Amino acid sequence: MTLVRTWSPAEPQGEAGYRIVFAMALDAQGAPDGQAWLDDPDPWPARLEAPDAALAHGDVAYDEEGWSLRFPHGSVPLADAPPHRILGGAGWLRPGEVVTIRTPEGTEAAWRVVAVG
């Protein structure tokens with residue numbers, strides 16, 4: 001899955017160079033598969049690319065609140081990193097769809113799905 005940032009409060013006209021790439025299993029209907037995540041002993045990798053910043057390697061997380069991405073921040077290890085909540089609805093895994101991701105600080109930004117698979 002590849003997302004590119006299309007809008008944030010700091011850049012209402014869109015932003016170039018911000019990209020998130022992550023692995024996610026899909027169920028028979030093409031939705032994120034929570035059971036597959038629970039059954040998989042290995043983390044599902046995620047990567048955050050941003051201009052003028054080091055590549056951040058993280059993972060995909062799933063809990064009672066839904067799906068999120070975690071990236072290490074400062075001295076906080078990945079296992080303790082706060083979630084970046086994915087606020088997508090039904091059908092958000094299709095190319096062209098837009099999802100909102102809320103940072104741990106509460107800032108929301110729009111991200112467009114540009115690739116699945």
In the stretch 2-115, with Lys and Arg counted as +1 and Asp and Glu as -1 at Cβ, which of these residues, V4, P104, P77, has the Cα nearest the positive end of the dipole, that is, farthest along it? V4
When a/c reaches 1.5 or more, the comparison of a/b and b/c decides; with that in mind, is the chain rounded, prolate or oblate per its Cα gyration tensor? oblate
Computed helical MRE - 222 nm, the chain, DSSP H runs ≥ 4 contributing -39500 (n - 2.57), nearest 500: -1000 deg cm²/dmol
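No value in this document is a laboratory result; all are computed from the given coordinates. From a predicted model like this one, the values you see are computed outputs, not experimental measurements. All Cβ positions, even for glycine, are placed from backbone atoms using ideal geometry, and neighbour counts span all protein chains on display.
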